[in-house]
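Reading through the structure tokens given below for one structure.
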Amino acid sequence: MAGPKWLDSEEMKAWRLYITTSVDLMKALEDDVRPFGLTMGDYQLLAMISEAPDRRLRMCDLADQLRLSRSGLTRRMDGVLSNAWVARVQDQADRRVAYAELTTKGWNLLRKVAPIHLASVRRLMIDHLTRAEVKAIGSAFEKISNNLHP
């Protein structure tokens, strides 16, 4: 039986930099939304709902987009529900279906935080890359995502 195919020096450098830098990047982005009472998980949840038609998304679809289990989504929803940024709404035609709906308060918060988050994404990542590097990162992570979620 053949042994493991070890990473060469370039592969190891890329892997280690990804591991350490992705953690540092997410922490820096988290620091920028924290003054608004948000975590990056909260921000991502609000942003995803805001992009849905009528700012409303089925709970099961939201869980899938956030890569959370149903119970994980329930825990993630606790803060946004208690802060009245999101409302849980039952479907009138099918009571088994529930939606997460962005409230006016949540929409106003998101409109305030989004420009700050965008500036952080640009300052911490995008502005340091060429257009070709941005495309390469997008292409690389699309391939990785397609492998993880065929």
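Bear in mind that the values in this text are calculations on the coordinates, not laboratory data. A quick note: this is a predicted structure, and the numbers were derived from the prediction, not measured.
Over 23 Å between Cα atoms: which of LYS27/LYS105; LYS13/LYS143; LYS5/LYS143; LYS27/LYS143 fall into that group?
On the way: LYS27/LYS105 26 Å; LYS13/LYS143 19 Å; LYS5/LYS143 20 Å; LYS27/LYS143 25 Å.
Over 23 Å apart, Cα to Cα: LYS27/LYS105; LYS27/LYS143.
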If you consider only alpha-carbon coordinates, what radius of gyration and Dmax does the stretch 28-148 have, in Å? 16.1, 50
I need to check one value: relative contact order of the stretch 47-150, counting alpha carbon pairs closer than 8 Å and at least 6 residues apart, in percent. 22 percent
